[in-house]
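What follows is a short report on a single structure.
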Amino acid sequence: MQNFHISNLKGTGIAIVTPFTASHDIDYNTLSALIEYWIKGKADYLVVMGTTGESVTLSKSEKTDLFNFVAEKVSGRMPVVLGLGGNNTLNLIDQLQDFDLQKATAILSVSPYYNKPTQEGIYQHYKAFANESPLPVIVYNVPGRTGSNILPETTLRMAGDIEKIAGVKEASGNMEQIMQIISRRRPDFLVLSGDDAITLPLMAAGADGVISVVANAFPFEFSEMVRLAADNKLQEARQYHYRLLTLIQYLFVEGNPAGIKAVMHLKSLCEPHLRLPLTPVSETLIQKIKKVID
């Protein structure tokens, strides 16, 4: 059982990749080495089976095995957050039974996609899920993927009404929206950046941290930027921010996690294999990424 509290999820969480072999099986040997790399890089926690982990391409048994493997390898050295979301509320609640949730600190749950529910529908979805979850739930707002935005009023309503709703990962890219949540939230409600490129300004505005993609490859540098920003050492934090900014922008040109896996391959951390319908990035983009890394 993890001895971590939701307050331990400040700082830098890594939305971890799922490495695959050439035959597209989960590469557990590489994952084991990556876990040690992320811990040594002083990240604050790991998020398993988020978007970056290609969770939608994993089978039910693979998801269970992957979560158990990560939790066991981490072995209490940092919090582990389980990514568990969907657009079928009752089915999502049923999936809580698939995991040993004592091994996790919280659940990161993406807003229902494709259905495009109203704000009331989003609220009721999270209320139903959180009421059944034994763990705190972090709402994940990513309109570019889900097709609908969670408005600040809805996020704040959930924070005020639903005890288990413990925070939000905000990837709307809307600074004004996110600042409204920061300024009006309850004191213990986490606001986490879902966009690496704007994490520094969000930290300056009062955000608590980030769930990061680029930290897969550069855990120390990105985590150090976040730590410095949390300590109001913005001048020092800016040095890391601008060193990584161009690379961060390249990560998403041809899709995530294709971009970050290309970077990790160039750094000899993992192979660039993805499961369809995702495909590796182009050679043109690889050369641009290589130039930035060099």
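Where a number appears in this text, it was derived from the coordinates with a stated rule and is not lab data. As the structure is a computational prediction, the values presented were derived from the model and not from experiment. With ideal geometry, Cβ positions are generated from the backbone for all residues, glycine too; neighbour counts draw on all protein chains shown.
Listing for the model above:
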| read-out | value |
| --- | --- |
| Expected-Rg normalisation [2.2 N^0.38 Å, Cα atoms] applied to the chain | 0.93 |
| Residues of segment 156-178 with amide N under 20 Å of the 7 Å Cα→Cβ point at His5 | 159-160, 162-168 |
| Relative contact order [Cα under 8 Å, 6+ residues apart], segment 195-280, whole percent | 24 percent |
| Within straight-line cross-link reach of Lys60, lysines at Cα separation under 21 Å, skipping those fewer than 8 residues along the same chain | Lys73, Lys103 |
| Helix-only mean residue ellipticity at 222 nm for the chain, each DSSP H run of n ≥ 4 adding -39500 (n - 2.57), per residue, nearest 500 | -13000 deg cm²/dmol |
| Listed peptides 269-280, 14-25 by packing density, highest first (mean Cβ within 10 Å) | 14-25, 269-280 |
| Pairs beyond 24 Å (Cα-Cα), from Lys10/Lys42; Lys169/Lys291; Lys10/Lys233; Lys10/Lys164 | Lys169/Lys291 |
| Antiparallel bridge percentage (DSSP; both residues within the chain; nearest 5) | 5 percent |
| Farthest positive-ward along the chain dipole, Cα basis, beta-carbon charges - from Leu66, Tyr123, Leu192 | Leu192 |
| Nitroxide proxy distance, nm - points 7 Å out along Cα→Cβ at Gln287 and Asn232 | 4.8 nm |
